[in-house]
Each structure stands twice: as structure tokens, then as C-alpha cells.
Amino acid sequence: MNVAERSKVRDGAAVLGVAFGGVGYWNYRERLRKEFLRSEACYRLSWQVENMTPWRQLYFTWWRMPKEEYDVYHRFKPYFILGQIDHTKEILLPKKKDGIDGFEVINPLYCYEGGKHSFRELVNGGDPVSIERAALILNRGWIPAGLRDKRSRPDEVNSRRLVRIPGVFRAGKDIHDYKVPNNPDNNDWHNLALEDIGLFWDLPNWDEAKYYYFQCVDLPGTGAPTSSVAPIQPDALVDEYYAWRWSEGTHRRCEQAFGAVAVGFGALAYFAL
């Protein structure tokens, strides 16, 4: 090749090397960012599990909690709650898991002490929290489509026995953020809209329960109740929370591939000098 041709090859290889190197570096940074977020979540999930069953004073803390407070103190923090699951009230949300059709099972869990706010009582000098049989909205986990019929789950019967549910509190989305609306009249559910669910179940504290729900998580050594509903795994919880399109492994492979191509173009530009 003459000097002009070698110059074109050198310039083109240099530009492509920089471009591929930039894409590889971006994948490298994204991998580090996601690995950090996952390690932070797993570290928090490994903390000592604490009792966070709603009691009277808790409503002053949780009702309309600012997002910043939830992110700092409660996001991915493991808790357990005690209460009675009402199996007669159930909502199934369609969800695929590992390519298998299935549903997320949503039930109300009634706590031994609950309540709802009343600003009228507060203004009049009364008790702002009235004690009622209040409930939390509980996401118990996933079942395959073949277990949709309750008769295929004979272990789910109502009783007065208190159950211990390990998991984390998760913030509900605004009811207007969902693309497909629910249709409670036909029992047609597409999303976890807490306000829709609370009104559908006629929960006495639906206005308080529409901000946060409890997600059952399969935490090691917590003694989750055995049933046909599989609670979510910690890694799957992190993936679902962040809704990443690409995993850390995908970014690693892209980083290595684009980096190798960038090195190849860099070597080509060097030998074309």
C-alpha cells in the first residue's frame, strides 16, 4: 500500500478502535454499577431480620413516608410480620418465570393490631389512630398456571393461627403509572395497583395500605411458611426492583468482546503507521 492508503487505513482503524473501546468502557462501567447495587442489596438483605408487624405507633411513621426515608432505612431491609392470611380474598397477577406462565399471588394479611388515620379526630383532640382489624397487602410469591384453581392448593385454608412472613416492604407505584388498567368487576388484574386492590377488598385502612406492600422473600434461616406458593429469591428481587434489561454477565461479555475488537483496531492502526 502507498502512503495515502496506509493513512486511510490508520485513520479508519483509529476511529473504529476508539468507538469500540468507548462501547466496551461503557459496558465496563455499567457492570460495575450493577454489581455495586446488587452487592448493596444483598448486604442489606443479610441483616438481622426484625419484627415490623404494624402496631399503633408505626402508622405515624409509615403513613405517607417520604421516598427518601424509605430508600435510606427500609429498602431491601429484611423484616418479618405476624398476622392471619385471608385466603378467601385473592388476586392473581399474570407473570412469566423462566419462560413458564404463572401468577403472582396477592392476599390481605390481617395484623393483630392495626388502624387508620383520622385527621378529624386529631383536630378535635381525639385519638388520630382508630384501632381496627387492618390489613397489609401481601405478595406471597409465584405459582405456575396449573395451580390457578384454589382447589389445587388444599393447604391454603383460613385459620386463626398467626403466621410469620419474612420479606421486605416495597413501595407501590402511582395508580396512573400503569399502562394496562385493572378491571375488578371482571376480576381482571394486570398490575399491582394497591389502591385498586384495597378498595376491591374493602379494607378498612385502604388509604394507608396503598403506599407500601409486603413482599414475601425466601430469606435463609427465616422459616418461611411452606406452601405451594414459591416466594421470590433475593437475586430475583433485585432484578425485579431495578428492572435491568441486561445482566452483569451480559455487560461483561460485551465489555470483553468490544475491548478485544478495539485492541485489534488499535494494533491495525499502529502497524499502518
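Points worth noting:
- Search result, residues across region 87-134 that are part of a loop (DSSP other than H, G, I, E, B), touching a helix residue (DSSP H, G or I) at 6+ places or on another chain (Cβ under 6 Å) and modelled with pLDDT of 90 or more: Lys89, Asp101
- Filtered by the rule that a residue be open to solvent by 40 Å² or more (accessible area, probe 1.4 Å), among the hydroxyl-bearing types (Ser, Thr, Tyr) and either in a helix (DSSP H, G or I) or modelled with pLDDT under 90 (or both), region 229-254 gives Tyr241, Tyr242.
- Residues of region 177-196 include at least one that is assigned to a helix (DSSP H, G or I) and in contact with a Lys or Arg (Cβ under 8 Å, 6 or more places away or on another chain).
- Test result for Arg38, surrounded by 12 or more Cβ atoms within 10 Å (Cβ to Cβ), at pLDDT 90 or above, in contact with a Lys or Arg (Cβ under 9 Å, 6 or more places away or on another chain) and not in a strand (DSSP E or B): no
- Given (1) buried (at least 18 other Cβ atoms within 10 Å of the Cβ); (2) free of Cβ contacts under 8 Å to residues at least 12 places away in the same chain, index of the condition Cys216 fails: (2)
- Residue pairs whose Cβ atoms lie under 8 Å apart, sitting 6 or more positions apart in sequence or on different chains, and linking a residue in region 138-156 that is assigned to a strand (DSSP E or B) to a partner that is among the polar types (S, T, N, Q), are Leu138/Asn107; Asn139/Gln215; Arg140/Asn107; Arg140/Ser227; Ile143/Ser228.
- Among the residues of region 240-262, just one is touching a residue at least 40 places away in the same chain (Cβ under 8 Å) and farther than 19 Å from Leu32 by Cβ, namely Val261.
- Only one of Pro144, Pro154, Pro181 that is open to solvent by 90 Å² or more (accessible area, probe 1.4 Å) and under 20 Å from the mean Cα position of the chain (by Cα): Pro181
The values are calculated or read from the model by the stated rules, or taken from the named source; none is laboratory data. On a predicted model such as this, the values are computed, not experimentally measured, just so you know. Ideal geometry is used to build each Cβ from the backbone, glycine not excepted, and the neighbour counts take in all protein chains shown. When the accessible area is computed, the model is the full protein with side chains, heavy atoms only, and any ligands, DNA or RNA have been set aside. Shrake-Rupley method; radii C 1.70, N 1.55, O 1.52, S 1.80 Å.
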